[in-house]
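The values are calculated or read from the model by the stated rules, or taken from the named source; none is laboratory data. Please read all numbers here as calculations on a predicted model, not as lab measurements. As a convention, Cβ positions derive from the backbone with ideal geometry for all residues, glycine included, and neighbour counts pool all protein chains shown. The protein model used for the area step is the full one, side chains on, heavy atoms only, and it has no ligands, DNA or RNA in it. Shrake-Rupley method; radii C 1.70, N 1.55, O 1.52, S 1.80 Å.
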Amino acid sequence: MKLKFANRMSYIKASEIREILKVTEQEDVISFAGGLPAPELFPIDEINQMTQIVLKEAGTKALQYTTTEGYSPLREWIAKRMNERLGTSFDKDNILITHGSQQGLDLSGKVFLDDGDIVLCESPTYLAAISAFKSYGCNFVEIPTDEEGMNMTVLEDVVNNTPKVKLIYVIPTFQNPTGKTWSLERRKKLAELSARYDIPVIEDNPYGELRFEGESLPSIKSFDKVGNILCAGSFSKIFCPGFRIGWIAGDKDIIRKYVLVKQGTDLQCNTIAQMTIAEYLKRYDIDKHIGKIVEVYRKRRDIAMECIECYFPDNIRYTYPQGGLFTWIELPEEISAREVLKKCIERKIAFVPGGSFYPAEHKENTLRLNYSNMPEERIIKGLQIMGEVLQAHINPSE
């Protein structure tokens with residue numbers, strides 16, 4: 001084939017997670033790979049009921065085009081929820097409905113990034129954010145993290161010594177892939193640095209409501225004095241991912257630019273999905289539903305932690321998340337998680353090697369485990385087998 005493709009196609013690679021998920025479609029595979037919610041918690045009966053109500057009461061509207069910005073009652077609910085939970089001060093015009101928070105990341109690339117621009121991110125960071133931004137020809141500089149989040153001293157030094165820094169991308173609460181949560185001080189400091197150096201921040205928060213213990217923290221946006229910080233959110237983890245409804249929130253002048261680029265992408269998000277979610281939120285207690293999710297995920301997190309402690313080699317390190325969907329494993333430096341995955345796949349166990357979560361460093365002795373999707377008995381069985389594989393790989397003489 002002699003077709004000439006756009007230069008950006010050379011930047012775009014297949015998602016490692018999506019490739020692994022093809023393997024996990026086999027029912028006998030125990031998967032810790034994708035960030036999948038537990039399907040048994042989807043409110044199927046309620047959604048069916050709400051869809052019928054929407055079609056009966058507003059069918060012509062639900063099946064028609066709507067505005068690019070999205071369904072107004074849903075945007076109003078999101079703004080109110082963020083103000084109550086995250087300390088923001090939004091109204092509906094601060095909110096753009098997107099196809100999941102992932103589209104918010106892609107639109108951010110369209111709005112902010114040119115070829116050769118620099119994106120600063122946590123090390124490691126969300127794999128699909130790397131893919132979204134990289135398609136616009138940017139480069140990445142990873143900022144090291146510890147148990148309190150991104151190292152602000154290193155961040156400021158990089159900003160001062162790196163030309164063309166255009167965007168900072170962070171997941172401060174139950175981070176993907178590590179499960180870590182930023183301290184209040186780091187959140188305040190990032191807002192301060194963003195204002196001082198006029199660099200926009202994308203604060204991604206798809207997991208924040210899935211807290212198992214500890215106190216919720218205000219968003220980085222709540223400390224934003226100049227309007228540089230945007231928030232991405234989603235119904236995927238607190239309701240269901242199949243609707244693909246999320247949002248990007250921020251300063252109204254910036255959101256208007258997002259609306260313009262979204263008009264050239266898909267015109268609008270699914271009208272009936274937006275209206276169905278809005279109807280559910282009006283008639284049901286979403287906090288009660290989230291409480292059920294948290295109860296199940298907390299139990300699965302606890303079981304996963306116990307299994308890792310019991311079955312995995314002593315010379316690995318792992319995070320203990322206070323919420324969200326993931327824990328992060330660090331193997332001895334000489335061990336490749338990709339080689340471990342090959343052995344695990346042979347025994348019908350899947351996870352995601354950590355190298356792809358590093359846009360520059362590619363630390364191959366790391367891996368991400370999801371604990372939300374598998375039932376408890378499969379978590380126990382899968383992590384016991386995975387522990388056996390790791391023991392044989394790391395400590396073969398024992």
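Can you find a residue in segment 231-241 that is among the basic types (Lys, Arg) and part of a helix (DSSP H, G or I)? Write out each step before concluding.
Of segment 231-241, the ones among the basic types (Lys, Arg) are 237.
Checking the rest, the ones that are also part of a helix (DSSP H, G or I) come to none.
No; the residues of segment 231-241 include none that is among the basic types (Lys, Arg) and part of a helix (DSSP H, G or I).
When the residues of segment 108-119 are filtered to those that are surrounded by fewer than 24 Cβ atoms within 10 Å (Cβ to Cβ) and of a type in the set (A, V, I, L, M), which remaining residue is nearest to Ile238 (Cα to Cα)?
Applying the filter and picking the extreme gives Val111.
What do you reckon, is Asn176 free of Cβ contacts under 8 Å to residues at least 12 places away in the same chain, among the polar types (S, T, N, Q) and buried (at least 17 other Cβ atoms within 10 Å of the Cβ)?
Details: free of Cβ contacts under 8 Å to residues at least 12 places away in the same chain: no; among the polar types (S, T, N, Q): yes; buried (at least 17 other Cβ atoms within 10 Å of the Cβ): yes.
Considered against the rule, which asks whether it is free of Cβ contacts under 8 Å to residues at least 12 places away in the same chain, among the polar types (S, T, N, Q) and buried (at least 17 other Cβ atoms within 10 Å of the Cβ), Asn176 comes out as no.
Restricting attention to segment 292-325, which residues are open to solvent by 10 Å² or more (accessible area, probe 1.4 Å) and either over 17 Å from Tyr371 (Cα atoms) or not in a helix (DSSP H, G or I) (or both)?
Scanning segment 292-325 gives Asp314, Asn315, Ile316, Arg317, Tyr318, Thr319, Tyr320, Gln322.
Kindly provide the set of residues from segment 120-142 that are surrounded by fewer than 22 Cβ atoms within 10 Å (Cβ to Cβ) and assigned to a strand (DSSP E or B), ordered by number.
Once the filter is applied, which keeps residues that are surrounded by fewer than 22 Cβ atoms within 10 Å (Cβ to Cβ) and assigned to a strand (DSSP E or B), segment 120-142 yields Ser123, Asn139, Phe140, Val141, Glu142.
Looking at (1) of a type in the set (Phe, Trp, Tyr); (2) in a loop (DSSP other than H, G, I, E, B); (3) farther than 23 Å from Tyr126 by Cβ, can you tell me which one Tyr280 breaks?
Going through (1) of a type in the set (Phe, Trp, Tyr); (2) in a loop (DSSP other than H, G, I, E, B); (3) farther than 23 Å from Tyr126 by Cβ one by one, Tyr280 breaks only (2).
Which condition number in (1) touching a helix residue (DSSP H, G or I) at 6+ places or on another chain (Cβ under 6 Å); (2) not in a loop (DSSP other than H, G, I, E, B) is the one that Thr66 fails?
Here Thr66 meets the rest and fails (2).
Can you name every residue in segment 163-173 that is open to solvent by less than 40 Å² (accessible area, probe 1.4 Å) and assigned to a loop (DSSP other than H, G, I, E, B)?
Ile171, Pro172, Thr173
Taking the residues in segment 145-159 that are touching a residue at least 12 places away in the same chain (Cβ under 8 Å) and out of contact with any strand residue (DSSP E or B) (no Cβ under 6 Å at 6 or more places or on another chain) as candidates, determine which candidate is most open to solvent (accessible area, probe 1.4 Å).
Just the residues of segment 145-159 that are touching a residue at least 12 places away in the same chain (Cβ under 8 Å), to begin with: 145, 147-150, 152, 155-156, 158-159.
Of the ones still in play, those that are also out of contact with any strand residue (DSSP E or B) (no Cβ under 6 Å at 6 or more places or on another chain) are 147-149, 152, 156.
On the way: Glu147: 131, Glu148: 87, Gly149: 4, Met152: 17, Glu156: 43 Å².
My answer is Glu147.
With respect to Leu383, is the statement that it is of a type in the set (A, V, I, L, M) and either farther than 25 Å from Ser131 by Cβ or open to solvent by 10 Å² or more (accessible area, probe 1.4 Å) (or both) true?
Details: of a type in the set (A, V, I, L, M): yes; either farther than 25 Å from Ser131 by Cβ or open to solvent by 10 Å² or more (accessible area, probe 1.4 Å) (or both): yes.
Against the criterion (of a type in the set (A, V, I, L, M) and either farther than 25 Å from Ser131 by Cβ or open to solvent by 10 Å² or more (accessible area, probe 1.4 Å) (or both)), Leu383 qualifies.
Can you tell me which of Gly214, Gly227, Gly250, Gly233 is in contact with a helix residue (DSSP H, G or I) (Cβ under 8 Å, 6 or more places away or on another chain) and closer than 19 Å to Ser372 by Cβ?
Values: Gly214 fails: in contact with a helix residue (DSSP H, G or I) (Cβ under 8 Å, 6 or more places away or on another chain); Gly227 fails: closer than 19 Å to Ser372 by Cβ; Gly250 fails: closer than 19 Å to Ser372 by Cβ.
On inspection, the qualifying residue turns out to be Gly233.
For segment 27-53, give me the residue count where each residue is closer than 14 Å to Glu279 by Cβ and either aliphatic (A, V, I, L, M) or in contact with a Pro (Cβ under 7 Å, 6 or more places away or on another chain) (or both).
3
Ser194 - would you say it is assigned to a helix (DSSP H, G or I) and either surrounded by 21 or more Cβ atoms within 10 Å (Cβ to Cβ) or modelled with pLDDT under 95 (or both)?
Details: assigned to a helix (DSSP H, G or I): yes; either surrounded by 21 or more Cβ atoms within 10 Å (Cβ to Cβ) or modelled with pLDDT under 95 (or both): yes.
Considered against the rule, which asks whether it is assigned to a helix (DSSP H, G or I) and either surrounded by 21 or more Cβ atoms within 10 Å (Cβ to Cβ) or modelled with pLDDT under 95 (or both), Ser194 comes out as yes.
Please specify each residue of segment 28-54 satisfying the condition of being assigned to a helix (DSSP H, G or I) and open to solvent by 70 Å² or more (accessible area, probe 1.4 Å).
Within segment 28-54, Glu40, Ile44, Asp45, Asn48, Gln49, Gln52 qualify.
Do you know which of the residues in segment 243-263 that are open to solvent by 70 Å² or more (accessible area, probe 1.4 Å) and of a type outside the set (D, E, K, R) is nearest to Pro39 (Cα to Cα)?
Per the stated criteria, the residue is Gln263.
Let's see how each residue does on (1) touching a residue at least 12 places away in the same chain (Cβ under 8 Å); (2) farther than 18 Å from Glu122 by Cα; (3) more than 27 Å from the chain's Cα centre (by Cα):
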position	(1), (2), (3)
Cys310	yes, yes, yes
Thr319	yes, no, no
Gln322	yes, yes, no
Trp328	yes, no, no
Glu333	yes, yes, no
Glu339	yes, yes, no
Glu361	yes, no, no
Glu364	yes, no, no
Glu377	no, yes, no
